[in-house]
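This report refers to the structure that appears directly beneath it.
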Amino acid sequence: MKTSNRNHSLSYQLGKHQSANRYSVNLYPLKYLIILLLSTTLFSCSSDDDTTNLEQNTLSGKWEVTSGVFIESQPKYLIFNTDNTISFLHETDLGFKSNEKVPYTVSGSEIKINVQGFIPFEFILEQNKLQITKGANVLQLIKNNNAPSSENWVEELSILSKGNAPVSGEVDFAFSYDKTEIIYGMNDEATYIPLIDPITFAEIGQIATTNIATAVEIEKFEDADRFLFQNNANSNEISVYKMDDGTYQFSLEADNKISGMASVDSQYLWAASNEDEGSLNLINVADNTIDQTIPLGYYNVYGLDYQNGFLYIADGKYLHKCQTTPTFKTVATYKLPDFGIQGIAYDGINFWVSGVDVTESGYKLIKTSLTP
């Protein structure tokens with residue numbers, strides 16, 4: 001089954017009392033009847049609540065999926081947390097992980113899960129086996145106390161500093177070779193690439209361009225005439241310029257529309273394609289050939305960076321650390337609270353990311369706690 005993250009997201013969301021002395025003897029039986037009825041009602045409510053809590057407590061813990069699908073996706077683990085939420089732990093064929101946490105409620109054999117509103121599912125619980133059904137979809141699970149925790153599945157990063165991005169949109173960026181400037185990709189309205197101070201987040205310079213350079217990268221080559229790579233939005237072409245004087249050198253081609261780039265060394269460049277069935281391409285810069293291709297299916301990839309033998313990949317929400325040899329493999333996944341990661345760059349000590357800040361409804365540049 002092809003995996004889609006267009007939506008990283010899960011969408012899993014369900015009168016007045018008077019008395020006289022001459023009537024008091026007749027009111028006593030009524031009073032006791034009211035007390036009895038109230039007691040029965042309260043006991044009944046308490047019993048229902050206890051039953052619901054018992055059912056939720058019974059579900060609490062780690063469950064491993066053995067077969068089936070949940071709303072057109074197949075999570076690897078479900079964790080029923082003590083705060084009445086479920087953590088859905090997914091993993092793609094390439095090892096890209098995600099952790100989506102949503103509220104749930106239980107009543108009898110019905111569980112309501114908040115997938116853009118609480119949607120009812122039926123469940124059957126038999127000792128250490130659990131079945132969750134919705135129409136033709138049947139998800140089979142088994143209790144597994146040794147399953148990974150949600151914290152270990154996806155590691156949460158800290159924010160060390162944050163500033164406004166110079167432009168909105170899906171942008172991959174880079175640091176200058178001396179790490180004093182952020183070279184930030186721009187959208188289709190720009191005629192230049194801005195240079196940003198990483199301390200003040202102010203624009204301190206510009207690089208003229210005729211490209212729609214939503215992704216930029218600096219060659220890992222210790223020489224003044226190192227290359228500046230620029231994509232051209234909606235194109236599979238990469239334009240190569242000298243960084244020192246801005247002169248055009250040549251063009252490279254990838255399989256599809258370029259969404260991110262990462263220099264490996266003076267010979268190789270990784271490029272992410274993000275159109276229809278995308279891919280990761282390892283391009284030999286010297287002879288403009290693609291030496292390695294990693295198909296992504298319909299899984300979207302945006303920003304890239306390459307450090308210390310690992311390729312770091314932003315998928316629009318999460319950041320994945322991947323080995324590329326001898327085989328491609330994801331070794332860790334990271335996230336920032338309420339932030340969609342679309343671009344990534346390295347300042348020599350820490351990784352920075354660009355993307356959407358959900359809480360502030362805007363695009364930001366963030367220095368993270370992640371180091372290589």
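The values are calculated or read from the model by the stated rules, or taken from the named source; none is laboratory data. Keep in mind that this is a model prediction, so the values were computed, not measured. Every residue, glycine as well, gets a Cβ built from its backbone with ideal geometry; the counts of neighbours run over all protein chains shown. Keep in mind that these areas ignore ligands, DNA and RNA; they rest on the heavy atoms of the full protein, side chains included. Shrake-Rupley method; radii C 1.70, N 1.55, O 1.52, S 1.80 Å.
In table form, for the structure just shown:
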| quantity | calculated |
| --- | --- |
| Sole residue being under 20 Å from Val65 (Cα atoms) and either of a type in the set (Gly, Ala, Ser) or surrounded by 14 or more Cβ atoms within 10 Å (Cβ to Cβ) (or both), chosen from Pro194, Pro198, Pro148 | Pro148 |
| Glu126, sole failed condition from (1) of a type outside the set (S, T, N, Q); (2) surrounded by fewer than 16 Cβ atoms within 10 Å (Cβ to Cβ); (3) closer than 17 Å to Ile79 by Cβ | (3) |
| Residue in the range 74-116 that is most open to solvent (accessible area, probe 1.4 Å), counting only those that are aromatic (Phe, Trp, Tyr) and assigned to a strand (DSSP E or B) | Tyr77 |
| Matching entry among Ile313, Ile366, Ile344 (being among the hydrophobic types (A, V, I, L, M, F, W, C), closer than 20 Å to Gly169 by Cβ and touching a Gly at 6+ places or on another chain (Cβ under 6 Å)) | Ile344 |
| Lone qualifier among Ala254, Ala271 - being buried (at least 20 other Cβ atoms within 10 Å of the Cβ) and under 21 Å from Asn308 (Cβ atoms) | Ala271 |
| Gly205 under 26 Å from Cys322 (Cα atoms) and either over 25 Å from the mean Cα position of the chain (by Cα) or open to solvent by less than 40 Å² (accessible area, probe 1.4 Å) (or both) | no |
| Residue match in the range 206-213 (condition: in a strand (DSSP E or B), hydrophobic (A, V, I, L, M, F, W, C) and out of contact with any Ser or Thr (no Cβ under 8 Å at 6 or more places or on another chain)) | yes |
| Extreme residue, farthest from Gly303 (Cα to Cα), among residues of the range 253-268 that are assigned to a strand (DSSP E or B) and at pLDDT below 95 | Glu253 |
| Elements of type strands (runs of 3 or more DSSP E) contained in the range 127-169, each with 3 or more residues being closer than 30 Å to Ala233 by Cα | 159-164 |
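This table checks each residue for (1) touching a Cys at 6+ places or on another chain (Cβ under 7 Å); (2) of a type in the set (D, E, K, R); (3) more than 30 Å from Ile344 (Cβ to Cβ).
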site	(1), (2), (3)
Glu91	no, yes, no
Leu94	no, no, no
Ser98	no, no, no
Asn114	no, no, yes
Lys129	no, yes, yes
Ile132	no, no, yes
Asn145	no, no, yes
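Listed here are the residues, each with its yes/no results for (1) modelled with pLDDT under 95; (2) β-branched (Val, Ile, Thr); (3) out of contact with any strand residue (DSSP E or B) (no Cβ under 8 Å at 6 or more places or on another chain).
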site	(1), (2), (3)
Asn284	no, no, no
Leu311	no, no, no
Tyr318	no, no, no
Ile349	no, yes, yes
Ile366	no, yes, no
Thr371	no, yes, no
